[in-house]
Amino acid sequence: MAKRTIVAMPGDGIGKPVLDETLRVLDAAGFDADYVNADIGWEFWCKEGNPLPQRAIDLIEKHKIALFGAITSKPKDAAFDELAPELKDKGLVYSSPIVGLRQHFDLDICMRPCQSYKGNPLNFIRRGLGNTIEEPEIDTVIFRQNTEGLYGGVEWSNPPEKVYDALMTHSKFVQNFGRVPKEEISVSTRIFTKKATERILRAAFEHAKKYEYKSVTVCEKPNVIRETSGMMYKMAKDMQAADYPNIELWNTNIDAQMMWLTKNPEDYGVIVAGNMFGDIVSDGFAGLIGGLGFACSAQFNPETGIGVFEPTHGSAPKYAEYKKSIVNPIAMIASACMMLDYIAENEIAQIIRKAVAAVIAEGKVRTYDMMKLKGRQEVIEQGAASTTQMVDAIIAKLK
């Protein structure tokens with residue numbers, strides 16, 4: 001088999017240390033690959049006016065598989081302020097490069113597993129009967145539609161006349177906003193298509209079937225957002241009845257789901273949702289397994305084979321300024337394991353996962369978040385492991 005080339009995209013802030021340390025784990029576990037760095041992120045917005053240069057797109061197009069660290073995104077005005085002076089009269093508008101990647105390569109399937117580790121002091125606990133303490137075992141996988149919905153980018157402030165006139169054909173718009181001056185209106189659309197909705201539903205059901213989850217839950221809001229959420233739930237019902245009769249189909253509203261999150265999280269297997277609600281519910285479940293330091297993700301297109309694998313945490317720029325990195329690298333390592341699964345290197349993925357689980361269960365090496373300390377440089381002196389020390393411990397368990 002030809003040696004793999006992986007596109008490495010550190011991005012911003014803590015993206016570089018967690019990606020560098022993850023590559024060390026991959027190498028120690030025996031994954032033989034070449035890595036090419038791709039330019040992406042805030043630095044390239046500031047000096048080039050483009051956080052996703054074409055050269056980065058070309059590398060992913062060529063090599064198909066990418067590991068991504070983290071990204072910095074700021075509001076419109078703040079982004080403009082940091083743009084190089086010579087670029088400020090070019091009419092440039094910042095947009096998230098990771099959203100741009102998803103849309104350019106149609107990486108419409110986003111998969112976010114949330115699985116608790118035994119011995120993790122950050123695991124969710126609750127009170128049971130007789131004032132007992134229960135620690136439910138959580139094993140939930142969220143499938144998030146990645147390219148449509150509220151993140152589709154179809155929005156306006158002071159909408160153009162054609163858009164405004166079209167909105168005025170809807171009785172609800174006339175009733176609620178018809179007297180509002182056009183220049184005071186901002187509109188963000190929520191667009192679902194049947195093709196993309198079918199694909200994310202199919203991916204969720206297939207995953208449930210392959211790994212023997214008993215249920216797939218559509219987590220939307222069809223009682224209020226009737227056209228988009230309603231379409232997804234109807235399509236899920238039809239698909240379940242036709243192709244997956246042995247898998248239960250559950251339907252929850254996003255607001256109720258967040259309430260139930262801490263009541264019975266162990267009951268949920270596979271959850272599928274649109275972009276925004278999938279983002280919300282996956283962060284909720286991530287909190288139950290220890291937070292964003294443990295939250296991994298994959299986004300891919302099954303037709304082209306292109307996949308980008310990343311932790312769901314942000315760039316945390318203040319931590320990047322510390323002399324020693326203190327951040328938890330497990331989310332990035334777990335994302336790399338998802339990449340290994342995707343390219344059929346399952347054995348190496350399992351070896352790494354077992355090593356991570358062993359370090360957590362042993363409890364001798366813990367990053368600051370696992371010790372429930374505030375994220376400051378002095379946590380190292382308080383006994384917290386640095387990013388490098390955590391990776392050293394994981395590599396030691398590989399052996």
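Taking the conditions exactly as written (closer than 30 Å to Asp106 by Cβ and aromatic (Phe, Trp, Tyr)), does Tyr322 satisfy them or not?
On the way: closer than 30 Å to Asp106 by Cβ: no; aromatic (Phe, Trp, Tyr): yes.
Against the criterion (closer than 30 Å to Asp106 by Cβ and aromatic (Phe, Trp, Tyr)), Tyr322 does not qualify.
Could you list, in sequence order, the residues of segment 196-212 that are touching a helix residue (DSSP H, G or I) at 6+ places or on another chain (Cβ under 8 Å) and aromatic (Phe, Trp, Tyr)? Walk me through it before giving the result.
Filtering segment 196-212 down to residues touching a helix residue (DSSP H, G or I) at 6+ places or on another chain (Cβ under 8 Å) leaves 197-198, 201-202, 205.
Once the filter is applied, which keeps residues that are touching a helix residue (DSSP H, G or I) at 6+ places or on another chain (Cβ under 8 Å) and aromatic (Phe, Trp, Tyr), segment 196-212 yields only Phe205.
Is it true that Ala393 is touching a Pro at 6+ places or on another chain (Cβ under 6 Å), assigned by TED's automatic domain parsing to the domain that holds Arg4 and either free of Cβ contacts under 8 Å to residues at least 40 places away in the same chain or within 23 Å of Gln145 (Cα to Cα) (or both)? Walk me through how you get there before you give the answer.
Working: touching a Pro at 6+ places or on another chain (Cβ under 6 Å): no; assigned by TED's automatic domain parsing to the domain that holds Arg4: yes; either free of Cβ contacts under 8 Å to residues at least 40 places away in the same chain or within 23 Å of Gln145 (Cα to Cα) (or both): yes.
Judged against the criteria, Ala393 is not a match.
Please work out which one of (1) within 22 Å of the chain's Cα centre (by Cα); (2) assigned by TED's automatic domain parsing to the domain that holds Ala29 is the condition Ser297 fails and give its number.
Here Ser297 clears every test but (2).
Under 7 Å between Cβ atoms, which residue pairs at least 6 apart in sequence (or on different chains) link something in segment 67-82 that is under 24 Å from Pro311 (Cβ atoms) with a partner that is at pLDDT below 90 and among the aromatic types (Phe, Trp, Tyr)?
From residues that are under 24 Å from Pro311 (Cβ atoms), there are no pairs.
Go through segment 1-27 and count every residue that is touching a helix residue (DSSP H, G or I) at 6+ places or on another chain (Cβ under 7 Å) and acidic (Asp, Glu).
Counting residues in segment 1-27 that are touching a helix residue (DSSP H, G or I) at 6+ places or on another chain (Cβ under 7 Å) and acidic (Asp, Glu) gives 2.
Do you know which of the residues in segment 252-264 that are part of a helix (DSSP H, G or I) and in contact with a Lys or Arg (Cβ under 8 Å, 6 or more places away or on another chain) is surrounded by the most Cβ atoms within 10 Å (Cβ to Cβ)?
Of the residues in segment 252-264, the ones part of a helix (DSSP H, G or I) are 254-260.
Right, trim to in contact with a Lys or Arg (Cβ under 8 Å, 6 or more places away or on another chain) and you get 254-255.
Working: Ile254: 19, Asp255: 11.
Among those that are part of a helix (DSSP H, G or I) and in contact with a Lys or Arg (Cβ under 8 Å, 6 or more places away or on another chain), it is Ile254.
Name every residue in segment 38-68 that is among the small types (Gly, Ala, Ser) and farther than 11 Å from Val7 by Cα, in order of residue number.
Looking only at segment 38-68, we keep the residues that are among the small types (Gly, Ala, Ser), and these are 38, 41, 49, 56, 66.
Hits for segment 38-68 are Gly41, Gly49.
Among Val379, Val327, Val391, which is under 25 Å from Phe309 (Cα atoms) and not in a loop (DSSP other than H, G, I, E, B)?
Working: Val379 fails: under 25 Å from Phe309 (Cα atoms); Val327 fails: not in a loop (DSSP other than H, G, I, E, B).
Every option except Val391 fails the conditions.
Out of segment 283-324, which residues are buried (at least 22 other Cβ atoms within 10 Å of the Cβ) and either assigned to a loop (DSSP other than H, G, I, E, B) or among the charged types (D, E, K, R) (or both)?
Ile289, Gly290, Ala295, Glu310, His313
What do you reckon, is Ile200 more than 30 Å from Ala242 (Cα to Cα), assigned by TED's automatic domain parsing to the domain that holds Ala236 and of a type outside the set (Asp, Glu)? Lay out the reasoning, then the answer.
Working: more than 30 Å from Ala242 (Cα to Cα): no; assigned by TED's automatic domain parsing to the domain that holds Ala236: yes; of a type outside the set (Asp, Glu): yes.
So Ile200 fails the test.
Considering segment 151-161 alone, what residues qualify as being out of contact with any strand residue (DSSP E or B) (no Cβ under 6 Å at 6 or more places or on another chain) and of a type outside the set (Asp, Glu)?
Residues of segment 151-161 that are out of contact with any strand residue (DSSP E or B) (no Cβ under 6 Å at 6 or more places or on another chain), as a first pass: 151, 153-154, 158, 160-161.
Once the filter is applied, which keeps residues that are out of contact with any strand residue (DSSP E or B) (no Cβ under 6 Å at 6 or more places or on another chain) and of a type outside the set (Asp, Glu), segment 151-161 yields Tyr151, Gly153, Val154, Asn158, Pro160.
Among the residues of segment 78-87, are any over 18 Å from Lys16 (Cα atoms), charged (D, E, K, R), within 22 Å of the chain's Cα centre (by Cα) and in a helix (DSSP H, G or I)? Steps first, please.
Residues of segment 78-87 over 18 Å from Lys16 (Cα atoms): 78-87.
Still in the list and also charged (D, E, K, R): 81-82, 86.
From the residues that got through so far, the ones that are within 22 Å of the chain's Cα centre (by Cα) too are none.
The answer is no, given that none of the residues of segment 78-87 is over 18 Å from Lys16 (Cα atoms), charged (D, E, K, R), within 22 Å of the chain's Cα centre (by Cα) and in a helix (DSSP H, G or I).
The values are calculated or read from the model by the stated rules, or taken from the named source; none is laboratory data. Quick caveat: nothing in here was measured; it's all calculated off a predicted structure. No Cβ is skipped: glycine too gets one built from the backbone with ideal geometry, and neighbour counts run over all protein chains shown.
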